[in-house]
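**Q** Below are the structure tokens for one structure; questions will follow.
Since every read-out is calculated from the coordinates, none of them should be taken as a lab result. Computed from a prediction, not measured in an experiment: that's the story for all the values here. Here Cβ is always computed from backbone atoms with ideal geometry, including for glycine, and neighbour counts include all displayed protein chains.
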Amino acid sequence: MIIAKLKEIREDAGLTQKQEAKKMKVAPSTISGWENGNDTIPLNRLIDFCNLYKVSLDYVFKMSSKNVYSELEINIKKISAFLLNARKEYKLTQEQVANKLNISTGTYCDYENGNNLIKTTSLYSLTKIYSNLSFDIIFKKSHE
């Protein structure tokens, strides 16, 4: 899975893959793999990337041409609630969403119930199903 914005954002910041790798605490080959699509960036690393470069998830996924950044975090309860509410808003069953994501219904059910963190590839695929929703909302850090 290629997220084209990863390389663009890094280059716009004037960093090399090696410099980014040091900041992200990964090997330079890992950055290369994410940028060329040989490897999928794990969701927790994608959130770290967004926070490092102060870019929104919607911007990285090309759901928005504007970068409206707020600090992001992974909150599995918030994510699972979003998945449930979005599916209901679109009047879809878990099976229908799972089929669109090319995953098992059980896997999707685990995401929606908060048993497992959704994979980056599935989250990205959801942008095609829920194209008018902001994914930044579910990752926006709560400052409580």
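**Q** So what is the calculated 222 nm ellipticity per residue for the chain, using -39500 (n - 2.57) for each DSSP H run with n of 4 or more, over all residues, to the nearest 500 deg cm²/dmol?
**A** For the chain, the value works out to -16000 deg cm²/dmol.
**Q** On to the next question. What number comes out for the charge environment of Asn36, summing +1 per Lys or Arg and -1 per Asp or Glu over other residues with Cβ under 15 Å away?
**A** Result for the local shell: -2.
**Q** Nearest 10 degrees, 0 to 90: what angle lies between the long axis of helix 76-89 and the longest principal axis of the chain (Cα atoms)?
**A** Orientation of helix 76-89: about 50 degrees from the principal axis.
**Q** Right, here's the next one. Each residue of the range 63-75 in turn: what ³J(HN,Hα) in whole Hz from Karplus with 6.51, -1.76, 1.60 and θ = phi - 60°, glycine and Pro shown as x?
**A** Each residue of the range 63-75 in turn: 8, 9, 8, 9, 8, 10, 8, 9, 4, 10, 8, 9, 10 Hz.
**Q** A follow-up question, please. For Lys140, enumerate residues with amide H under 5 Å from its amide H, sequence gap 5+ or separate chain, H modeled in the peptide plane.
**A** Hits under the 5 Å cutoff: Glu73.
**Q** State to the nearest 20 debye the size of the charge dipole of the chain about its Cα centre, where the only charges are +1 on K and R beta carbons and -1 on D and E beta carbons.
**A** Dipole size: approximately 60 debye.
**Q** Further question on the same structure: List the aspartates and glutamates whose alpha-carbon lies under 13 Å from that of Lys141, not counting same-chain residues fewer than 8 positions away?
**A** Asp48, Glu71, Glu73
**Q** For the range 61-144, compute the orientation-averaged projected area of the C-alpha convex hull (one quarter of its surface), in nm².
**A** Average of the hull's projected areas for the range 61-144 equals 5.5 nm².
**Q** Using only Cα atoms, what Kirkwood radius does the range 13-63 have, in angstroms?
**A** 11.3
**Q** Set the bar at 26 Å for Cα to Cα. Now go through Lys91/Lys119; Lys66/Lys140; Lys54/Lys91; Lys18/Lys78 and name every pair that lies beyond it. Provide the component values of the computation, followed by the final result.
**A** Working: Lys91/Lys119 22 Å; Lys66/Lys140 16 Å; Lys54/Lys91 34 Å; Lys18/Lys78 34 Å.
Over 26 Å Cα-Cα: Lys54/Lys91; Lys18/Lys78.
**Q** Let me ask something additional. How many percent of the alpha carbon pairs in the range 30-96 exceed a separation of 21 Å?
**A** Values: 897 of 2211 pairs.
Pairs farther apart than 21 Å: 41 percent.
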